[in-house]
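Here is the structure we will look at, set down as structure tokens.
The values are calculated or read from the model by the stated rules, or taken from the named source; none is laboratory data. Note that the coordinates shown come from a computational prediction; the quantities given were computed from them, not determined experimentally. Cβ coordinates were reconstructed from backbone atoms using ideal geometry, including for glycine residues, and neighbour counts include every protein chain displayed. SASA here: full protein model, heavy atoms, side chains in, ligands and nucleic acids out. Shrake-Rupley method; radii C 1.70, N 1.55, O 1.52, S 1.80 Å.
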Amino acid sequence: MILNPVIMTMNLKDMNGLEIIDFFKPLEDNKNLFIRNIVLSSNIPDQEQVITGPAKSGLTHGYAQDIPVLFSRLHKTFSRYGLLYEVQVLPCQTSKLQENTSDEKSLPQTDIESLCYYAFVKFYSSVSAEKAKSALNLTHFVGTKACKVTFAKRKRTGSEKQVLFISQCFDLANFYLGFNGWSSSIKELKRELTDVCLSSKEDYCCFACTTNIVIHHHGLSVNGKGFSLLKFSSEDPASQIKAHGRCMKQAYQDSIQKAFSKVILVILGNGKVYTDINSSVPEDLEEFQPSYKSVAAYLNKSQDTAPKLLQ
């Protein structure tokens, strides 16, 4: 990773608290907070309920009504310290959680009358998570008791990092760069013939999209190439049209995500934000599996055997 020359000219005071944020799902424990001691002696009053969906049948103990409200409260409180990746609220059946427990699998389960919950709040920034932990631990009340806020210790099932979804990429870019701090444009969107399309007896459509992202005032421009492959029924014209529309949309979304995966945000201790190229992104992110051949190249090679394309 090569930092922007402008960053290297900063004084040591500005470099204190420097943090690098990429456009991948945050997996670090120092970005994930574990909130316990959320105990409700009764259901949250009706006037404060913010129900996001219908209550599930059979849940008469208040869980279906309380969880959306607790989610809203936690999101509002913790988002004051930085952009949140996710908030998870889970019910348990005890008001006395183990002191050094931050893994939901090891929570004790004993029947009591009061409603008890625990939560995980994940930030994109470890600095924001540390600020929230220091400010809210044993001082913030969600239920009848002060919440205990610690860093989570969750077991990871895989080590491979995943690129953020397109909506999360937009949220992260808008939060640190501003709504007018970046822009994207489609450079190319075309139909491709893959090996699957040529060898399979079924009907497939494949599109490739190249998108350019420009970070204004930072002199940074990156390209991302995305692909999408979908199957459709040639006997149903509506199925073919829908498949092509979804395929083009998914190829565009894939190209946006891959373009953002090449960008890193450098957050200085004084709050200034700089951008740079993420050199740790492997080159194979630009490859499509199965491998593809362009339509023009294939038609030049074998005009007679090429399948008919949707005009």
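Structure notes:
- In a fully extended conformation the segment linking HIS244 and LYS155 would gain 28.0 nm over its present Cα-Cα distance, using 0.36 nm per residue.
- For TYR85, the solvent-accessible surface with a 1.4 Å probe is about 40 Å², rounded to the nearest 10.
- Rounded to the nearest 10 Å², the accessible area of ARG156 at probe 1.4 Å: 130
- Exposure ranking of THR139, THR150, THR275 by accessible area [1.4 Å probe, largest first]: THR139, THR150, THR275
- Measuring r between the beta carbons of LEU90 and GLU19 and using R0 = 41 Å, the FRET efficiency lands at 0.90.
- Note on HIS216: accessible area is roughly 60 Å² with a 1.4 Å probe, heavy atoms of protein only.
- The H on the amide N of ALA152, modeled in the peptide plane, is under 5 Å from the matching H of ASN32, LEU33, PHE34, each at least 5 residues off or on a different chain.
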